[in-house]
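Notes follow the structure.
The values are calculated or read from the model by the stated rules, or taken from the named source; none is laboratory data. Just so it is clear, the model here is predicted, and its values are computed rather than measured. Positions of Cβ are backbone-derived with ideal geometry, glycine not excepted, and every protein chain shown enters the neighbour counts. The accessibility values were calculated without ligands, DNA or RNA, using every heavy atom of the protein model including side chains. Shrake-Rupley method; radii C 1.70, N 1.55, O 1.52, S 1.80 Å.
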Amino acid sequence: MIALNPGEKIINTYRRHWFILFLEIISFGTAIIITIASALVFFFKSPNYEYKMLALFFSSVIILILFISFCIGFVDYWLDTWLVTNDRIIDIEQKGLFVRDFSEFKISKIQNINVIVAGFIPTMLNYGNLSVQTAGTNETFVFRNIPNPYKAKTDILAIYDEYIKLHRQQTQSEHQPNHPEHL
């Protein structure tokens, strides 16, 4: 897992909305049903035993490939994570089975946060994209298809405000002398 800095704690964890996984399940399920139906039709319509076995073999290979593809998609869905701590935002993106990309930036670098909820289903199920632009670079971090993106934006801005307030107080206390010279 991610090593946290001293005093750092995870405030929120975001993953893509469950409906995205549901769409993958529906598409893979449909492909498997079509494959099985095609194999059965070919199996019962073909007069030749070798063709029947060939249809069974190829449909089994296709189903295996579809199942492995679904497993890879599920791993990608589950391991794509965005962590919001009291100090930084961490983007963990799974690419395939064996590549994981970590990106992070400090909360203090937040320049702009934008929410996009596009379409009927995302509006009804309340999910969308949240993009966070950082100061000093042109990089934008995008939380794709997260649930409650407006709440996530509000939460991140509250963490940002708390971070700025805390560091402003620390800076002021560092600049003030411990013993006043003028009474």
For this session: Could you list, in sequence order, all residues of the stretch 118-141 that are β-branched (V, I, T), open to solvent by 40 Å² or more (accessible area, probe 1.4 Å) and touching a helix residue (DSSP H, G or I) at 6+ places or on another chain (Cβ under 9 Å)?
Result: I121, T137
For this session: Kindly check whether there is at least one residue in the stretch 50-63 that is within 19 Å of the chain's Cα centre (by Cα), open to solvent by less than 80 Å² (accessible area, probe 1.4 Å) and farther than 30 Å from H167 by Cα.
Result: no
Exercise. What are the pairs, 6+ residues apart or on separate chains, where a residue within the stretch 47-76 that is in contact (Cβ under 8 Å) with a residue 24 or more places away in the chain has its Cβ under 6 Å from a residue that is part of a helix (DSSP H, G or I) and of a type in the set (G, A, S)?
Worked result: S59/A39; L66/A31
Exercise. Looking only at the stretch 9-49, which residues are surrounded by fewer than 14 Cβ atoms within 10 Å (Cβ to Cβ), at pLDDT 90 or above and part of a loop (DSSP other than H, G, I, E, B)?
Worked result: K9
Seminar exercise, completed: Only one of (1) open to solvent by 40 Å² or more (accessible area, probe 1.4 Å); (2) in contact with a helix residue (DSSP H, G or I) (Cβ under 6 Å, 6 or more places away or on another chain); (3) not hydroxyl-bearing (S, T, Y) does not apply to K95, and that is (2)
Exercise. Between a first residue in the stretch 109-129 that is over 27 Å from I164 (Cα atoms) and a second residue that is in a helix (DSSP H, G or I) and among the hydrophobic types (A, V, I, L, M, F, W, C), which pairs have beta carbons less than 6 Å apart while being 6 or more apart in sequence or on different chains?
Worked result: L125/F19
Seminar exercise, completed: Considering the stretch 98-116, residues that are touching a helix residue (DSSP H, G or I) at 6+ places or on another chain (Cβ under 9 Å) and outside any strand (DSSP E or B), and then whichever is surrounded by the fewest Cβ atoms within 10 Å (Cβ to Cβ), we arrive at S108
